[in-house]
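Take a look at the structure set out below.
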């Protein structure tokens with residue numbers, strides 16, 4: 001049955017097309033290499049947003065383009081999961097949002113952690129947003145991310161808080177984010193990521209939807 005997988009059960013997200021490895025085996029994250037079991041009773045207290053290309057970041061300083069409407073379905077979840085499962089590195093995410101707003105679930109949100117943001121992996125859900133080779137994202141795609149984040153924050157009782165602004169990596173998140181609950185970017189957690197992981201646009205959309213901007217720079 002289509003939906004996001006929580007503790008082995010598929011749950012529908014109103015207004016979103018959601019599939020998992022139950023529908024397409026190619027969507028299964030490689031647990032043991034790109035993810036692991038969560039300890040029973042883990043408090044899942046944050047969502048971490050990513051873009052698949054992380055532009056701007058590294059030597060690619062191009063700014064993101066936000067194109068109107070929805071983009072084409074490109075099977076991004078299958079392609080990135082194939083890359084993760086064959087590159088010999090520990091990397092993955094729970095969810096991938098394609099250009100057309102469709103959501104793919106690659107790991108159980110409750111019982112499995114994905115290796116997406118090192119120190120905060122045990123208690124977070126990782127969400128990859130498909131980004132094109134011209135650094136593009138789509139307006140409709142970002143609206144789908146907001147709908148997804150709305151559902152997840154309600155389902156997991158996560159406060160609707162986001163960083164007040166991009167400050168570079170925050171020490172509290174680099175060291176595990178013990179006192180941080182809410183929604184933040186990979187760029188806020190890792191010095192290895194640039195401003196485009198996930199960029200400002202998705203946080204602007206979340207702020208417009210009522211998410212509170214919070215200064216976590218002094219959290220411990």
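The values are calculated or read from the model by the stated rules, or taken from the named source; none is laboratory data. Not measured: the values here are computed from a predicted model. Cβ sites come from the backbone with ideal geometry, for glycine too, and all protein chains shown count toward neighbours.
When restricted to residues that are under 18 Å from the mean Cα position of the chain (by Cα), closer than 17 Å to residue 145 by Cα and assigned to a strand (DSSP E or B), segment 51-65 contains 1.
Within segment 3-22, can you find the residues that are surrounded by 15 or more Cβ atoms within 10 Å (Cβ to Cβ), without any contact (Cβ under 8 Å) to a residue 60 or more places away in the chain and assigned to a loop (DSSP other than H, G, I, E, B)? Residue satisfying the conditions is 22 alone. Of the residues that make up segment 61-82, is at least one modelled with pLDDT under 95 and at positive phi? Taking every residue of segment 61-82 in turn, none turns out to be modelled with pLDDT under 95 and at positive phi. The condition (being within 20 Å of residue 205 (Cβ to Cβ) and either in contact with a helix residue (DSSP H, G or I) (Cβ under 7 Å, 6 or more places away or on another chain) or in a helix (DSSP H, G or I) (or both)) is satisfied by just one residue among 80, 96: 96. Taken over segment 67-89, the criterion of being buried (at least 17 other Cβ atoms within 10 Å of the Cβ) and touching a strand residue (DSSP E or B) at 6+ places or on another chain (Cβ under 7 Å) is satisfied by 70, 71, 76, 77, 80. Among the conditions (1) under 30 Å from residue 73 (Cβ atoms); (2) without any contact (Cβ under 8 Å) to a residue 40 or more places away in the chain, the only one that residue 169 does not satisfy is (1). Contact map, segment 183-195: residues that are without any contact (Cβ under 8 Å) to a residue 12 or more places away in the chain paired with residues that are assigned to a helix (DSSP H, G or I) and surrounded by 24 or more Cβ atoms within 10 Å (Cβ to Cβ), Cβ distance under 9 Å, separation 6+ or inter-chain. Pairs shown: 192/186. Which one of 58, 54 is surrounded by fewer than 22 Cβ atoms within 10 Å (Cβ to Cβ) and at pLDDT below 95? None of the others qualify; the one that does is 58.
Looking only at segment 166-185, which residues are at positive phi and either at pLDDT below 95 or more than 13 Å from the chain's Cα centre (by Cα) (or both)? Of everything in segment 166-185, those that are at positive phi and either at pLDDT below 95 or more than 13 Å from the chain's Cα centre (by Cα) (or both) turn out to be 168, 176, 177.
Outside any strand (DSSP E or B), buried (at least 21 other Cβ atoms within 10 Å of the Cβ) and in contact (Cβ under 8 Å) with a residue 12 or more places away in the chain, is that true of residue 108? Yes: the conditions hold for residue 108. Would segment 118-137 turn up any residue that is touching a residue at least 12 places away in the same chain (Cβ under 8 Å), over 13 Å from the mean Cα position of the chain (by Cα) and surrounded by 24 or more Cβ atoms within 10 Å (Cβ to Cβ)? Yes, because at least one residue in segment 118-137 is touching a residue at least 12 places away in the same chain (Cβ under 8 Å), over 13 Å from the mean Cα position of the chain (by Cα) and surrounded by 24 or more Cβ atoms within 10 Å (Cβ to Cβ).
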